[in-house]
1. For Ala98, indicate whether it is small (Gly, Ala, Ser) and open to solvent by less than 20 Å² (accessible area, probe 1.4 Å).
2. Which pairs do you get when a residue that is more than 14 Å from Gly9 (Cβ to Cβ), found in the range 98-116, comes within reach of a residue that is surrounded by fewer than 22 Cβ atoms within 10 Å (Cβ to Cβ) and of a type in the set (Gly, Ala, Ser), reach meaning Cβ atoms under 7 angstrom, with the pair 6+ apart or on two chains?
3. Being at pLDDT 90 or above, in contact with a Gly (Cβ under 7 Å, 6 or more places away or on another chain) and either within 24 Å of Ser153 (Cβ to Cβ) or not in a loop (DSSP other than H, G, I, E, B) (or both) is true for just one of Leu316, Leu332. Which residue is that?
4. Name the one entry in Leu8, Leu66, Leu91, Leu55 that is surrounded by fewer than 20 Cβ atoms within 10 Å (Cβ to Cβ) and outside any loop (DSSP other than H, G, I, E, B).
5. With respect to Asp308, is the statement that it is under 24 Å from Asp154 (Cβ atoms), among the charged types (D, E, K, R), within 20 Å of the chain's Cα centre (by Cα) and modelled with pLDDT of 95 or more true?
6. Go through the residues of the range 128-136 one by one and say whether even a single one is in contact with a helix residue (DSSP H, G or I) (Cβ under 7 Å, 6 or more places away or on another chain) and open to solvent by 10 Å² or more (accessible area, probe 1.4 Å).
7. Within the range 218-240, restricting attention to residues that are within 24 Å of the chain's Cα centre (by Cα) and closer than 14 Å to Ala174 by Cα, which residue is least open to solvent (accessible area, probe 1.4 Å)?
8. List the number of the failed condition for Val186; all other conditions in (1) more than 16 Å from Val277 (Cβ to Cβ); (2) of a type in the set (A, V, I, L, M); (3) open to solvent by 10 Å² or more (accessible area, probe 1.4 Å) hold.
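The values are calculated or read from the model by the stated rules, or taken from the named source; none is laboratory data. Just so you know, these numbers come straight off a predicted model, no measurement behind them. Using ideal geometry, Cβ is built from the backbone for each residue, glycine included, and neighbour counts are taken over all protein chains shown. All accessible areas refer to the heavy atoms of the entire protein, side chains included, with ligands and DNA or RNA removed. Shrake-Rupley method; radii C 1.70, N 1.55, O 1.52, S 1.80 Å.
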Amino acid sequence: MTDEPLVLGIETSCDETGVGIVRGTTLLADAIASSVDEHARFGGVVPEVASRAHLEAMVPTIDRALKEAGVSARDLDGIAVTAGPGLAGALLVGVSAAKAYAYALGKPLYGVNHLASHICVDQLEHGALPEPTMALLVSGGHSSLLLSSDITSDVRPMGATIDDAAGEAFDKIARVLNLGFPGGPVIDRYAKEGDPRSIAFPRGLTGPRDAAYDFSFSGLKTSVARWIEAKRAAGEDVPVRDVAASFQEAVVDVLTRKAVRACRDEGVEHLMIGGGVAANSRLRVLAQERCEAAGIRLRVPRPKLCTDNGAMVAALGAEMVARGRAASDWDLSADSSLPVTDPHVPGRLRSHSHDHVHEVAKGNLYS
């Protein structure tokens, strides 16, 4: 027996239906149903397709997670769900499901921030987060530098992309190279056989007068696309592996350079990297090299925990419970642009409405 909170987390911000269960900082289950194959023929995520896929996958994925964890839904101490940011329709499916389960079971509900969850998931791999921690989050929708002094209440944005996110740029260049979708894994694979110094692609926002911590990958994307078009127009073969390696190097060079600079400027000794692009092998290697040279300790979760998953939501939910943070109200709504400065969406001062749920729950489906 343990006093650590047992929490189920639901993640539906994009195309992954993720359900995780954690006890404190111990991962018990991480069940995922992906709709990526349904989006591949469109070359990107289609919001309506994602929402419908979440609807179909939700209950089976929750049941699978409970079975994997070897726990009953009635044993849970709380249910956490991504309230934002993300695709509005997809978020609504997750929030609605979380409300239904929390209400039926008489458990507290925690609406949490997708980005803060990506930071908190590292606790499942490397233990409690140092305070403060600098976080570099890179995915198809986000490229952000965040400073966390308290993952449940104090996350400060340092910088973000002003146009394309890093993962989005990977997808677009993979499309130009006819490598398919998603682009991150396939470009990483081709880049391993290419020369990253063969083509001098630009590094955006790295000039002395540019924003120190912001990112821009639109110019890089355009430069690579035009380089490829020029080769094809001249009737020459495109060296796919060299293009992939040179493009990838330009991206990870900027990401790691700015992350290390932010750590130095703020006097932070720990850098955490998360998000789907954190699975990139070259990003991990270069980040480690630069962190070691700067005396910074690097924390990167295993690749499966870097992509969107329910475990990260459960991890942040468990931290909310452990620190006694207020649960969310039953009128919790999805917020597609929820700011990272709101790690969770707490409830207002309530009367006895939450206690009433425990009476309602007596006849629930899990009794």
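1. In short, yes.
2. If the second residue must be surrounded by fewer than 22 Cβ atoms within 10 Å (Cβ to Cβ) and of a type in the set (Gly, Ala, Ser), the pairs left are Ala104/Ala361; Leu105/Ala73; Leu105/Ala361; Gly106/Ala361.
3. Just one listed residue meets the conditions, Leu332.
4. Leu55
5. no
6. Yes: one or more hits.
7. Of everything passing the filter in the range 218-240, Leu220 is least open to solvent (accessible area, probe 1.4 Å).
8. For Val186, the failing item is (1).
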